[in-house]
Amino acid sequence: MPNKCDFITLADYNRDEIDHLLDLAKTMKAQVKEGIFEPRLKNKVLGLVFHKPSLRTRLSFEVGMYQLGGNAVYITDKEIGFGKRESIYDIGHVMSRFLDGIMIRTFDQNDVVQLAKASSIPIINGLTDQTHPCQVLSDLLSISEKGVPLDGIKVAYLGDGNNMVHSWLNACRAYDIDFWFAGPEGYDPNTDLVEAIQMEGRGQARITRSAEEAVAGAHVIYTDTWTSMGQEEEAAKRREVFPPYQLNAKLLAKADSKCLVMHCLPAHRGEEITDEVMDGPNSIVFDQAENRLHAQKAILVHAMSNR
Ligand code: CP
Ligand code: NVA
């Protein structure tokens, strides 16, 4: 199996490598704004495998491939039957004969790892139950381009200790981020990962039950849905325990007036975030959405241009 550049978790990438991806994303974003589209992936084809719905991830990878002079093929688990119609081992070998790379969004992170082992082409994780590294890479870009340094900042994360939180924690390995997770008991992120960051990370990770404590002095306040894809049956139960962590005007008033409000989207307005905050002056949520395109293009060029 030739060496290949998978993008499965930010934990696999060191500081210099993430900085390189961010620089590449900034360069290509500036080029797009000037109408320059370098065909860095001419004739390359990316497979897009979705086992869950998507707006931003699909658009960013599909439009990204077109802008880079390549193409994308969208396929869902209905056709593939991951591990049911066919083994992951066989799927990886077959897809490697057609494609130059695969972006996959699925449930179990281990399936992505298995697919990467079975494939000779780069595998990009477009979200699993455990992580969402593409989103956090874009988020780092969004923060940085607002002139906020990635070192020495406090990030407050409100809500569920989900895939987004795990990828943020992985970002704390590389950057000196003081990461505060605030959520209800029973919904903490993976505590092994939190401890690993506390021990080895360039940044810090803390868990609190107080949204007010988390947002105090924060440069970034981040939230996400209380019910992630695949957890829909728990939605009613979750709506009972998460309201103290809603990002609303009252809570925002306790934060620094210049803090950035972020959300990976899709948002459930009126649940984890209110309209006035999401549409307010601190919010950069739609910049974040746009930056998915530029950051994902950087991953694509990094992973696929030397194949
Ligand atoms: N933020 C994000 O990944 O959006 P989609 O689920 O729409 O792709
Ligand atoms: N935590 C959310 C993120 C969506 C981009 C989910 O997994 O559904």
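In the chain, excluding the sites themselves, the longest stretch lacking any of the GluC sites (Glu not before Pro) that are in a DSSP loop with at most 12 other Cβ atoms within 10 Å is 35-184. Partner aspartates and glutamates whose Cα lies under 20 Å from the Cα of Lys26, excluding those fewer than 8 positions away in the same chain, are identified as Asp16, Glu17, Glu34, Glu38, Glu62, Asp139, Glu145, Asp151, Asp287, Glu290. Given a cut-off of 19 Å, what percent of all Cα-Cα pairs of the range 66-190 lie beyond it? For the range 66-190, the share of Cα pairs beyond 19 Å comes to 57 percent.
Placing unit charges on each Cβ (+1 for Lys and Arg, -1 for Asp and Glu) gives the chain a dipole about its Cα centre, and among Tyr175, Thr27, Val165 the Cα reaching farthest toward its positive end belongs to Thr27.
Rounded to the nearest 20 debye, the dipole size of the range 5-141 about its Cα centre is 420 debye, using +1 on the Cβ of Lys and Arg and -1 on the Cβ of Asp and Glu.
Note on Lys250: lysines with a C-alpha under 26 Å away, same-chain residues under 8 apart excluded, are Lys146, Lys154, Lys237, Lys258.
For the chain, the carbon plus sulfur part of the accessible surface works out to 50%, probe radius 1.4 Å.
The alpha-carbon atoms of the chain define a convex hull whose volume equals 126 cubic angstrom per residue. For a straight C-alpha distance cut-off of 13 angstrom, the aspartates and glutamates reachable from Lys117 (same-chain residues fewer than eight places away being disregarded) are Asp6, Asp90. Give the angle, between 0 and 90 degrees and rounded to the nearest 10, that separates the Cα long axis of helix 56-67 from the longest principal axis of the Cα atoms of the chain. It works out to around 40 degrees.
Estimated from the Cβ-Cβ distance and a Förster radius of 25 angstrom, the FRET efficiency linking Asp287 and Tyr74 is about 0.45. Strictly over 21 Å apart at the Cα level, which of Lys4/Lys42; Lys52/Lys78; Lys4/Lys52 would you flag in this model? In this structure, Lys4/Lys52 exceed 21 Å between Cα atoms.
With unit charges on the beta carbon (Lys/Arg positive, Asp/Glu negative), name the residue among Leu252, Met304, Gln288 whose Cα is farthest towards the positive pole of the charge dipole of the range 235-305. Farthest along the dipole direction, towards plus: Met304. Helical runs assigned H by DSSP (4 residues or longer) give the chain a calculated mean residue ellipticity at 222 nm of -12500 deg cm²/dmol, each run adding -39500 (n - 2.57) before division by the residue total. Using only the alpha-carbon atoms, how far is helix 191-200 inclined from the longest principal axis of the chain? Give it as 0 to 90 degrees, nearest 10. Approximately 90 degrees, to the nearest ten. Relative to its residue count, the range 1-137 spans a Cα convex hull of 109 Å³ per residue. Defining a contact as two alpha carbons under 8 Å apart and six or more residues distant in sequence, what relative contact order in percent does the range 177-307 show? Answer for the range 177-307 is 22 percent.
Helix 285-304 versus the longest principal axis of the chain: what is the Cα-based angle in degrees, 0 to 90, to the nearest 10? The angle comes out at about 30 degrees. Pairs of Cα atoms nearer than 8 Å and 6+ residues apart set the relative contact order; for the chain it is 20 percent.
Per residue, the chain exposes 43 Å² of accessible surface when a 1.4 Å probe is rolled over the protein heavy atoms with every protein chain present.
Loop-resident chymotrypsin sites (Phe, Trp or Tyr not before Pro) (DSSP state other than H, G, I, E or B) in the range 209-307 with no more than 13 further Cβ atoms inside 10 Å of their Cβ are absent. Look at the alpha carbon pairs under 8 Å that are at least 6 residues apart: their mean separation over the length of the range 170-252 gives a relative contact order of 31 percent. Computed from point charges on the beta carbon alone (+1 for Lys and Arg, -1 for Asp and Glu), the dipole magnitude for the chain about its Cα centre is near 900 Debye. Note on the range 1-68: the C-alpha convex hull projects to 6.3 nm² when averaged across all orientations.
Its residues counted as N, the range 187-307 yields a C-alpha radius of gyration over 2.2 N^0.38 Å of 1.22.
Taking a ≥ b ≥ c as the square roots of the eigenvalues of the alpha carbon gyration tensor, the range 47-86 is oblate, as a/c is not under 1.5 and a/b does not beat b/c. Charged neighbours of Arg85, selected by a Cβ distance under 12 Å, balance to -2 (K, R count +1; D, E count -1).
The values are calculated or read from the model by the stated rules, or taken from the named source; none is laboratory data. Given the structure is predicted, the values throughout are model-derived calculations rather than measurements. Positions of Cβ are backbone-derived with ideal geometry, glycine not excepted, and every protein chain shown enters the neighbour counts. Only protein heavy atoms, including side chains, enter the accessible area calculation; ligands, DNA and RNA are left aside. Shrake-Rupley method; radii C 1.70, N 1.55, O 1.52, S 1.80 Å.
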